[in-house]
């Protein structure tokens, strides 16, 4: 017998399949052609008259340009509410705004930095590029020996193979919105 949580996820998957199909303007027949399932079978899946089997879910997800993980992900608030991560040692608070399921493994994060950039020998290096825009305050970007001032409303993009770090130009904190590659996320968080 299915427990309530399983029934809720089952209903949610059915709703997502139907919503994705309708968002694309597809009829049941169109989805059937793309999944090699019959329109009546798909109708019974969407309405709950038939259980969804894994061998049916794979072609449905593929046809709808999504993943099984996205079709079955939890509807709980836990993955909706963003809680900050504080790193007092580095004078930084980070809110990760995009999950690890983003295309290409990119991470979007808001950072509040209260300290100036560290000295060159403590600056990070990793493959890729970083990008940030200043939401409030003034950032001081260390790029090797250079210190670049980035004021509120401006953005910076740079190679991360150059030793780099972001800090505040003071007197108060700086808040930035940043896009990081997987390597950047590992280095900066």
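Just name the residue that is nearest to residue 136 (Cα to Cα) out of those in the range 164-180 that are in contact (Cβ under 8 Å) with a residue 12 or more places away in the chain and surrounded by fewer than 16 Cβ atoms within 10 Å (Cβ to Cβ).
Within the range 164-180, the match that is nearest to residue 136 (Cα to Cα) is 172.
Restricting to the range 121-142, name every residue that is part of a strand (DSSP E or B), surrounded by fewer than 16 Cβ atoms within 10 Å (Cβ to Cβ) and in contact with a helix residue (DSSP H, G or I) (Cβ under 9 Å, 6 or more places away or on another chain).
129
Condition first: surrounded by fewer than 13 Cβ atoms within 10 Å (Cβ to Cβ), modelled with pLDDT of 70 or more and not assigned by TED's automatic domain parsing to the domain that holds residue 13. Can you find one or more residues in the range 101-119 that meet it?
yes
Select from the range 27-55 the residues that are in a helix (DSSP H, G or I) and touching a helix residue (DSSP H, G or I) at 6+ places or on another chain (Cβ under 7 Å) and list them in ascending order.
Within the range 27-55, 28, 29, 31, 32, 34, 35, 39, 42, 43, 45, 46 qualify.
Could you identify the single residue in 157, 122 that is in the same structural domain as residue 92 (by TED's automatic domain parsing) and either farther than 20 Å from residue 93 by Cα or modelled with pLDDT of 95 or more (or both)? First the steps, then the outcome.
Values: 122 fails: either farther than 20 Å from residue 93 by Cα or modelled with pLDDT of 95 or more (or both).
Testing whether each residue is in the same structural domain as residue 92 (by TED's automatic domain parsing) and either farther than 20 Å from residue 93 by Cα or modelled with pLDDT of 95 or more (or both) leaves just 157.
The values are calculated or read from the model by the stated rules, or taken from the named source; none is laboratory data. Just so it is clear, the model here is predicted, and its values are computed rather than measured. Virtual Cβ from ideal backbone geometry, glycine too; neighbours counted across all protein chains shown.
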